[in-house]
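I have placed the structure first, in the form of structure tokens, so that the comments after it can refer back to it.
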Amino acid sequence: MDKTCNKKKIIISFIGKGDYKEVEYQLNGRRIKSRLAIIPIKELFGPEEIYVIGTEESKWSELNGIDYKKVIIPAGNSEKEFWQMMDILSENIKLTNSDVAFDITHCFRTIPFFVVIYIKFMKFIEPTAEIKHIYYANLDNKSILDLKPLLDMLDWVDAASIFKQNGDLEHLSILVTKNLREAFMGEKQTSASSLKKLNKIMKELSAITKMTYVPQLGEISNSFSELLADAEFKSETKRYLKPLYYLLPKVEEMIEKFKASTEWESQLKIASWYLDNNRPSQALIVLREAIITHQCLKGGMDPYDSDVRREIEETLNKAVKTKSEMPIYQLWDKVSQHRNKVAHALMRRRENINPEKAIRTTAEYLKEASKILPERSEDEN
């Protein structure tokens with residue numbers, strides 16, 4: 001029996017009231033005759049504990065000779081009964097620090113659907129438990145199927161949803177790491193070098209967007225864009241990370257948003273991206289820096305020189321003090337004041353900031369900058 005990380009191995013099985021016939025299963029070169037799939041699955045997984053779930057009417061006598069814990073649930077004929085089932089399982093099944101295998105062969109009525117919900121819920125409330133297998137005995141060809149890869153698709157959906165909502169690649173990166181490790185387990189070398197590069201880029205891009213390292217964001221985005229266009233990379237992704245393969249167009253769409261002909265235009269796009277992905281504070285920081293970058297380039301100066309940026313900032317502040325009516329200076333004044341209010345809100349006891357209004361104001365200033373900065377650039381030509 002394979003013991004990993006000292007975790008207890010647990011099977012959760014189901015039994016109904018069907019007319020169970022004896023089947024001769026083929027298992028690792030052995031033949032095992034049984035009326036219930038739990039017998040060959042028990043041999044396959046080697047559990048230390050077994051829970052069997054069923055109703056009062058289930059054929060419990062079929063389990064004679066098996067050491068298991070009985071869990072009685074209602075049939076699941078109503079919403080109320082589903083909640084009762086959740087209560088019963090939560091109270092009677094203990095999965096702390098365990099590797100879990102489900103046997104859904106003899107699930108009845110709507111129970112298979114409930115099992116999926118229960119597994120998702122269980123993964124959230126008991127993170128020390130790991131779902132290793134979801135077994136289903138195929139009576140037609142007398143084999144034991146593992147359906148866990150289908151459940152894993154839900155993890156990709158969750159990660160994709162997080163990415164879509166706030167542009168966070170971290171959860172996708174974690175799944176890439178996990179799936180590559182499993183795909184190449186036991187192999188000393190693999191030819192999927194582009195996938196390893198993908199993993200590195202995704203981790204870096206996720207960290208950079210969280211910390212608002214704007215210059216590095218442009219560089220890593222270009223590297224990512226080149227990788228996404230590589231035919232070998234697409235082939236490897238389709239072979240080893242098929243769920244991600246179908247998500248690549250969305251990732252590429254994100255990367256394209258960071259591309260622009262000038263640094264200040266790129267920074268405006270990045271600020272818009274932050275705002276669209278529910279990160280208004282970072283949008284405001286980047287918007288302020290975009291104005292400085294615009295003025296650096298307008299004067300023919302290096303926008304990445306910290307002394308130059310400090311000089312430009314002083315020039316902008318002096319213009320504000322002179323009450324200049326030029327739109328660029330008025331924009332700078334509004335953005336700077338708004339940024340200071342947001343950044344120091346916790347330290348101003350008597351000043352209450354309306355978060356929703358602050359987000360709307362950030363959007364308004366971003367829209368204003370998208371109009372003023374291009375006009376200023378055209379005036380110079």
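Brief remarks follow.
- When residues of the stretch 22-68 are limited to those that are touching a residue at least 24 places away in the same chain (Cβ under 8 Å), over 22 Å from residue 144 (Cβ atoms) and not hydrophobic (A, V, I, L, M, F, W, C), the one surrounded by the most Cβ atoms within 10 Å (Cβ to Cβ): 55
- Looking across the stretch 36-56, just one residue is over 33 Å from the mean Cα position of the chain (by Cα), under 17 Å from residue 99 (Cα atoms) and among the acidic types (Asp, Glu), and that is 43.
- Conditions (1) outside the structural domain of residue 364 (by TED's automatic domain parsing); (2) in contact (Cβ under 8 Å) with a residue 12 or more places away in the chain; (3) touching a Phe, Trp or Tyr at 6+ places or on another chain (Cβ under 7 Å): number failed by residue 238: (2)
- Residue check, residue 119 of a type outside the set (D, E, K, R) and modelled with pLDDT of 95 or more: no
- If you go through the stretch 172-186 and keep only what is surrounded by fewer than 17 Cβ atoms within 10 Å (Cβ to Cβ) and not hydroxyl-bearing (Ser, Thr, Tyr), you end up with 174, 178, 181, 182, 183, 184, 185, 186.
- Of all residues in the stretch 65-89, exactly one satisfies the criterion of being aromatic (Phe, Trp, Tyr) and at pLDDT 95 or above, namely 68.
- The helices (runs of 4 or more DSSP H) located wholly in the stretch 249-345 that include 1 or more residues which are closer than 30 Å to residue 234 by Cα occupy 263-276.
Residue-wise test of (1) surrounded by 14 or more Cβ atoms within 10 Å (Cβ to Cβ); (2) within 18 Å of the chain's Cα centre (by Cα); (3) part of a strand (DSSP E or B); (4) small (Gly, Ala, Ser).
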position: 86; (1), (2), (3), (4): yes, no, no, no
position: 109; (1), (2), (3), (4): no, no, no, no
position: 116; (1), (2), (3), (4): yes, no, no, no
position: 120; (1), (2), (3), (4): yes, yes, no, no
position: 137; (1), (2), (3), (4): yes, no, yes, yes
position: 149; (1), (2), (3), (4): no, yes, no, no
position: 152; (1), (2), (3), (4): yes, yes, no, no
position: 155; (1), (2), (3), (4): yes, yes, no, no
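- Candidates 17, 9: the one that is part of a strand (DSSP E or B) and either of a type outside the set (Asp, Glu) or at pLDDT below 95 (or both) is 9.
- Residue check, residue 202 surrounded by fewer than 13 Cβ atoms within 10 Å (Cβ to Cβ), part of a helix (DSSP H, G or I) and touching a helix residue (DSSP H, G or I) at 6+ places or on another chain (Cβ under 9 Å): no
The rows are residues; the columns are (1) in the same structural domain as residue 246 (by TED's automatic domain parsing); (2) free of Cβ contacts under 8 Å to residues at least 60 places away in the same chain; (3) in contact with a Gly (Cβ under 7 Å, 6 or more places away or on another chain).
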| site | (1), (2), (3) |
| --- | --- |
| 116 | no, yes, no |
| 139 | no, no, no |
| 164 | yes, no, no |
| 169 | yes, no, no |
| 180 | yes, no, no |
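- Candidate set from the stretch 10-21 (those that are touching a Ser or Thr at 6+ places or on another chain (Cβ under 7 Å) and surrounded by fewer than 21 Cβ atoms within 10 Å (Cβ to Cβ)); member that is nearest to residue 131 (Cα to Cα): 16
- Matching residues, the stretch 219-249, being closer than 17 Å to residue 183 by Cα, under 20 Å from the mean Cα position of the chain (by Cα) and aromatic (Phe, Trp, Tyr): 240, 245
- Annotation note: Cβ proximity below 6 Å between a residue of the stretch 315-329 that is more than 19 Å from residue 368 (Cα to Cα) and free of Cβ contacts under 8 Å to residues at least 40 places away in the same chain and a residue that is among the hydrophobic types (A, V, I, L, M, F, W, C) and assigned to a helix (DSSP H, G or I) (sequence gap 6+ or interchain) occurs for no pair.
The values are calculated or read from the model by the stated rules, or taken from the named source; none is laboratory data. For clarity, every value in this text was computed on a predicted model and none was experimentally measured. Using ideal geometry, Cβ is built from the backbone for each residue, glycine included, and neighbour counts are taken over all protein chains shown.
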